[in-house]
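Structure first, then comments.
Please treat every number below as a calculation from the coordinates, not as lab data. Bear in mind that the values here come from a model prediction, so they are computed numbers and not experimental data. Methodologically, a virtual Cβ is constructed for each residue, glycine included, from the backbone with ideal geometry; neighbour enumeration extends over all protein chains shown.
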Amino acid sequence: MVLSERQKKFIEYVNKENRKEIDVNDGEKMFKYIVLNLFQLYLLSTKESDKMQVAWNIHSIKPHLKDNIKIWHIIEDKDEYKCLLYKKQEQIESYAKKNQERRHQKRDDFALNDQEWEEVKRYFGYKCAYCGSESKLTYDHFHPFSKGGGFMKGNIIPCCRQCNSSKRDRIFNEWYPEQNTIYDESRKNKVLEYIKSNKQLTLL
Ligand SMILES: [Zn+2]
């Protein structure tokens, strides 16, 4: 790392500024303090990963605040700065991609498969678990999806389209007793028994 005279002077200047007392309530001074130290850290960083992180921090300053920075010239090698930002961006994207792949993998591991769907339909006699209708069966999330219930064995209950859209993301124990026309004590117990015997952790 070779620093120019101007850069060395800048580093000294920041060291001197840092010895002064700062008023943390003075937003403008605090901003100046942070920016000076970020630029100084950028110049002093010898490890690429460190320099990359500092470059990213500088880059992440909000645009309207960035306009107030008058010391951009202290970063003399603009190509290196841009290159570091580019690398950091790539690193962030690749992390995000890996995370997404991991999440998908996890979901697939737990997802209800065809055989499990067949089993749960058989358990409920190929009828809607809530009203007993024999019309086309749909997947209902017993613990609503929006509240963290997963698409997995132990949380998916077969029910007709009508019950499914009526229940939506409501809690079974609150929704079902209100359904005067379809409510049935033995059906309720069967559902609760099924859930109890296939207890699954919800995603939340
Ligand atoms: Zn139904």
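Structure notes:
- Figure legend. Inter-residue proximity from the range 111-126: first residues more than 14 Å from H141 (Cα to Cα), second residues of a type in the set (K, R) and in a loop (DSSP other than H, G, I, E, B), beta-carbon distance below 7 Å, spacing 6+ or different chains. Indicated pairs: E116/K153.
Here is a yes/no grid of residues against (1) under 14 Å from F39 (Cβ atoms); (2) in contact (Cβ under 8 Å) with a residue 60 or more places away in the chain; (3) loosely packed, with under 13 Cβ neighbours inside 10 Å:
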site	(1), (2), (3)
I69	yes, no, no
C83	no, no, no
E90	no, no, yes
S94	no, no, yes
H104	no, no, yes
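- For the range 151-204, filtering for residues that are touching a residue at least 40 places away in the same chain (Cβ under 8 Å), under 19 Å from E116 (Cβ atoms) and surrounded by fewer than 18 Cβ atoms within 10 Å (Cβ to Cβ) leaves 10.
- Candidates G132, G148 - the one that is away from the ligand (no atom under 14 Å from the Cβ) and surrounded by 13 or more Cβ atoms within 10 Å (Cβ to Cβ): G148
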